[in-house]
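S.K.: Here it is, the structure, as structure tokens.
The values are calculated or read from the model by the stated rules, or taken from the named source; none is laboratory data. Note that the structure is predicted; figures quoted are calculated from it, not measured. Cβ placement follows ideal geometry from the backbone for every residue including glycine, while neighbour counts extend to all protein chains displayed.
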Amino acid sequence: MNTFGELFRVTTFGESHGPAIGCVIDGCPPGVTIAPEDFAEDLGRRATGRTRHTSQRHEADVVEILSGVYEGRTTGTPIALVIRNTDAKSKDYEDIAQTFRPGHADYTYWQKYGHRDPRGGGRSSARETTMRVAAAVIAKRWLNDKFGVRVRGHLAQIGEVVPRSFDWNAVEGNPFFWPDAAQVAELETYMDALRKSGDSVGARITVVADGVPPGWGEPIYGKLDGELAGALMSINAVKGVEVGDGFAVVAQRGSEHRDEIAPEGFQSNHAGGILGGISTGQQVIVSAAFKPTSSLRLPARSLDMDGQPVEVVVKGRHDPCVGVRATPICEAMVALVLMDQALRHRAQCGDVGDVSPRIKPGKAKR
Ligand SMILES: Cc1cc2nc3c(=O)[nH]c(=O)nc-3n(C[C@H](O)[C@H](O)[C@H](O)COP(=O)(O)O)c2cc1C
């Protein structure tokens, strides 16, 4: 299953060390302005090798638009995007091609398909997420042009470190997408020590969508929160998703959690901007938990393809914390879901129009 979305459908293809990765976007409305250089910013935010805190694979990530765009605007026909892989070092994987790396998809792909491309993790590599980010550049553009929707994310935890303060302006000013500028030096030291130890750590990313109007989401089986959870969970290494307060609701009282409504708007946003699977008009807030990187130079036990015990030491270029680069990927999945849901809402309920009263977003969380 390599296709995502109902009306804004994105199909990705390609392997980590194949000649190219790409996607076909079907169902994009005509008239969205887009040029090859528009992809550079978000792809650069996701890319490896830009700081010492990510894998040192250096990919140019230049997008070629093969179809669906004419004179700088989408035509409504399938949009095909391709990025050539230019810095794959398959030699790094020769030693481990015959073993199942712990924490990786090697064993499950082998059991499912009976044949696999082991180079760089093949299709299970996060290289694939590049195309999600590319497709979402178009989704973000449309959402913003049409509704003023803005989707942005930040790292909310690395290992045991949490932000001490919050400022959106700090997020893009450091390699961690960290919302507390005063803490960045501490994080650099933390990450340097982690890299030196050969170990890895997990992370939490939060994405906030501003400007989502009330009404998006398709109960029962196409709920907005359900689709966001599925979308975030489809990202490599994600082991948990929260909507709004998420698992913290377990310890809350109803009197605290229900978001009260007053003439000046919603009084809180514990629900994450979604009720009954439909957006409320508040900020949509979701978080994803990323597991620590499995590829380590610290030896681990496993079996080889003959079922014999082996010691696995993973060489090559890896992210000591996969979450560090994953903020644009989480944003991308949120944008793809929102665009798809917006089109679905327009298809079924486009004639409903504005319904009163329209409750103001009120006290926003972020
Ligand atoms: C942005 C990003 C970068 C990643 N980089 C690495 C990496 O360098 N080394 C690694 O072992 N896993 C990395 N992963 C995670 C693996 O792709 C993933 O754990 C593996 O394919 C198994 O899938 P699962 O963890 O979703 O079950 C990365 C994930 C993301 C989102």
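S.K.: State whether the residues of the range 117-137 include one that is assigned to a strand (DSSP E or B) and out of contact with any Asp or Glu (no Cβ under 8 Å at 6 or more places or on another chain).
M.R.: At the first step, the residues of the range 117-137 found to be assigned to a strand (DSSP E or B) are none.
No, every residue in the range 117-137 fails to be assigned to a strand (DSSP E or B) and out of contact with any Asp or Glu (no Cβ under 8 Å at 6 or more places or on another chain).
S.K.: Filter the range 283-314 for residues that are more than 15 Å from the ligand (Cβ to nearest atom) and touching a Gly at 6+ places or on another chain (Cβ under 9 Å) and give the result.
M.R.: Q283, V284, I285, V286, listed by residue number.
S.K.: Could you please let me know if V286 is part of a helix (DSSP H, G or I), of a type in the set (A, V, I, L, M, F, W, C) and either crowded, with 19+ Cβ neighbours inside 10 Å or free of Cβ contacts under 8 Å to residues at least 40 places away in the same chain (or both)?
M.R.: Details: part of a helix (DSSP H, G or I): no; of a type in the set (A, V, I, L, M, F, W, C): yes; either crowded, with 19+ Cβ neighbours inside 10 Å or free of Cβ contacts under 8 Å to residues at least 40 places away in the same chain (or both): yes.
Considered against the rule, which asks whether it is part of a helix (DSSP H, G or I), of a type in the set (A, V, I, L, M, F, W, C) and either crowded, with 19+ Cβ neighbours inside 10 Å or free of Cβ contacts under 8 Å to residues at least 40 places away in the same chain (or both), V286 comes out as no.
S.K.: Does R317 satisfy being basic (K, R), buried (at least 16 other Cβ atoms within 10 Å of the Cβ), within 16 Å of the ligand (Cβ to nearest atom) and at pLDDT below 95?
M.R.: Numbers: basic (K, R): yes; buried (at least 16 other Cβ atoms within 10 Å of the Cβ): yes; within 16 Å of the ligand (Cβ to nearest atom): yes; at pLDDT below 95: yes.
Yes: the conditions hold for R317.
S.K.: Could you check E331 against (1) surrounded by 24 or more Cβ atoms within 10 Å (Cβ to Cβ); (2) in a loop (DSSP other than H, G, I, E, B); (3) among the charged types (D, E, K, R) and say which number it fails?
M.R.: That leaves (2) as the condition not met.
S.K.: Restricting to helices (runs of 4 or more DSSP H) lying wholly in the range 172-267: which have 2 or more residues that are touching a helix residue (DSSP H, G or I) at 6+ places or on another chain (Cβ under 7 Å) and away from the ligand (no atom under 13 Å from the Cβ)?
M.R.: Working: elements: 184-197, 224-233, 254-257.
Fully inside the range 172-267 and qualifying: 224-233.
S.K.: Can you tell me which residue is modelled with the highest pLDDT among those in the range 104-134 that are more than 10 Å from the ligand (Cβ to nearest atom) and in contact with a Ser or Thr (Cβ under 6 Å, 6 or more places away or on another chain)?
M.R.: In this case the residue turns out to be M131.
S.K.: Given the criterion more than 18 Å from A231 (Cα to Cα) and touching an Asp or Glu at 6+ places or on another chain (Cβ under 9 Å), identify the matching residue among P328, P361, P263. Give the steps one after another, and end with the answer.
M.R.: Working: P328 fails: more than 18 Å from A231 (Cα to Cα); P263 fails: touching an Asp or Glu at 6+ places or on another chain (Cβ under 9 Å).
Exactly one of P328, P361, P263 is more than 18 Å from A231 (Cα to Cα) and touching an Asp or Glu at 6+ places or on another chain (Cβ under 9 Å), namely P361.
S.K.: To continue, here is another question. Would you check which residues across the range 194-230 are of a type in the set (A, V, I, L, M, F, W, C) and in contact with a strand residue (DSSP E or B) (Cβ under 7 Å, 6 or more places away or on another chain) and list them?
M.R.: Taking the range 194-230 first, the residues of a type in the set (A, V, I, L, M, F, W, C) are 194, 201, 203, 205, 207-209, 212, 216, 220, 224, 228-229.
Answer for the range 194-230, where residues must be of a type in the set (A, V, I, L, M, F, W, C) and in contact with a strand residue (DSSP E or B) (Cβ under 7 Å, 6 or more places away or on another chain): V201, A203, I205, V207, V208, A209, V212, W216, L224, L228, A229.
S.K.: From the residues in the range 196-233 that are among the basic types (K, R) and surrounded by 15 or more Cβ atoms within 10 Å (Cβ to Cβ), which one is nearest to D319 (Cα to Cα)?
M.R.: Here the answer is R204.
S.K.: Something else: How many of the residues making up the range 90-103 are at pLDDT below 80 and either surrounded by 13 or more Cβ atoms within 10 Å (Cβ to Cβ) or not in a loop (DSSP other than H, G, I, E, B) (or both)? Give the steps one after another, and end with the answer.
M.R.: Going through the range 90-103, the residues at pLDDT below 80 turn out to be 90-96.
From the residues that got through so far, the ones that are either surrounded by 13 or more Cβ atoms within 10 Å (Cβ to Cβ) or not in a loop (DSSP other than H, G, I, E, B) (or both) too are 90-93, 95-96.
Residues flagged as at pLDDT below 80 and either surrounded by 13 or more Cβ atoms within 10 Å (Cβ to Cβ) or not in a loop (DSSP other than H, G, I, E, B) (or both) within the range 90-103 amount to 6.
S.K.: To continue, here is another question. If you check V334, V322, which single one turns out to be more than 12 Å from the ligand (Cβ to nearest atom) and out of contact with any His (no Cβ under 9 Å at 6 or more places or on another chain)? I'd like the intermediate steps shown before the answer.
M.R.: Numbers: V322 fails: more than 12 Å from the ligand (Cβ to nearest atom).
Among V334, V322, only V334 is more than 12 Å from the ligand (Cβ to nearest atom) and out of contact with any His (no Cβ under 9 Å at 6 or more places or on another chain).
S.K.: While we're here: From (1) within 11 Å of the ligand (Cβ to nearest atom); (2) assigned to a loop (DSSP other than H, G, I, E, B); (3) free of Cβ contacts under 8 Å to residues at least 40 places away in the same chain, pick out the condition that doesn't hold for D87.
M.R.: Here D87 clears every test but (1).
S.K.: Sticking with this structure for a sec: List pairs: first in the range 221-249 and under 22 Å from V133 (Cβ atoms), second of a type in the set (K, R) and not in a strand (DSSP E or B), Cβ under 6 Å, 6+ apart or cross-chain?
M.R.: Every condition considered, the pairs that remain are A237/K291; K239/K291.
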